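Undergrad: Please see the structure below; I have some questions.
The values are calculated or read from the model by the stated rules, or taken from the named source; none is laboratory data. The model shown is predicted, which means the values in this text are computed figures rather than measured ones. Because the Cβ atoms are built from the backbone with ideal geometry, glycine has one as well, and the counts that use them run over all protein chains shown. To get the accessible areas, we keep the full protein, side chains included, count just its heavy atoms, and leave off ligands, DNA and RNA. Shrake-Rupley method; radii C 1.70, N 1.55, O 1.52, S 1.80 Å.
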Amino acid sequence: MTTPSDYATYIAGLPRVLSGAAVLLRDAEGRVLLVEPNYRPGWGLPGGTVESEDGETPRQGARRETAEELGLDRPVGRLLAVDWVPGAGRPPLVAYLYDGGVLAPGEAERIRLQEEELLSWRFFAPDEIPAALPGATGRRVLAGLRALAEDAGPYELEDGHRADGG
């Protein structure tokens, strides 16, 4: 007979996986909104860690993070991509990318950055994404843009590359 203690020991021994969720927000010109964090160099998407221990789902986490980071509480659209990202010095990450939609005229002016985490924000043209977001994150954004353009997806990614080779 399995006891609660046996089950807890079993669960504690399972591999860990981190979970993150972000939104792909665009302007009317098709540019992607990126944020500049103050805790690491470079740019990122609005989003962050899913608080799964509190029962938060990836979709809920994407909406919460967007509201916290930008001051915009917007519904989260469809799932565009799920990315398995191996890590050096950390457990693997499962990154969910959702359609954040196109900001309406005047909506960008209402952005209020979370100053505890962010320095700035700006829109990037799709051809600027690889330089602004090198590696898996940039490839994930481009896959999300492709899913939107082709009305396809969600795409299964591994380190930003299509898992099916497409």
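Undergrad: How large is the helix-only mean residue ellipticity at 222 nm for the chain, computed as the sum of -39500 (n - 2.57) over DSSP H runs with n ≥ 4, divided by its residue count, in deg cm²/dmol to the nearest 500?
TA: Numbers: 4 runs with 41 residues, N = 166.
Mean residue ellipticity at 222 nm (helix-derived): -7500 deg cm²/dmol.
Undergrad: Now a separate question. Compute a Gaussian network model of the chain, connecting alpha carbons closer than 10 Å, and tell me which residue from Gly87, Gly42, Gly135 fluctuates the most.
TA: Gly87
Undergrad: State in Å² the accessible area per residue of the chain; use a 1.4 Å probe, count heavy atoms of protein chains only, and round to the nearest integer.
TA: Numbers: 9190 Å² over 166 residues.
Using a 1.4 Å probe on heavy atoms only, each residue of the chain averages 55 Å².
Undergrad: Same structure, new question: Using a 1.4 Å probe on the protein chains only, how many percent of the accessible area of the chain belongs to carbon and sulfur?
TA: Working: 4880 of 9190 Å².
The C+S portion of the solvent-accessible surface of the chain is 53 percent.
Undergrad: Taking θ as phi - 60°, what are the ³J(HN,Hα) couplings along the stretch 151-166 by the Karplus curve (6.51, -1.76, 1.60), each to the nearest whole Hz, with x for Gly and Pro?
TA: Once rounded to whole Hz, the list reads 6, 10, x, x, 8, 8, 10, 10, 6, x, 9, 4, 5, 8, x, x.
Undergrad: For the residue pair Ala88 and Asp127, what label-to-label distance in nm results when each label sits 7 Å from Cα along the Cα-to-beta-carbon direction?
TA: It is 3.2 nm.
Undergrad: Which one is right for this structure if Kirkwood radius over Cα pairs in Å is calculated from it: [x] 19.2; [y] 18.1; [z] 16.7?
TA: This structure yields the entry labelled [z].
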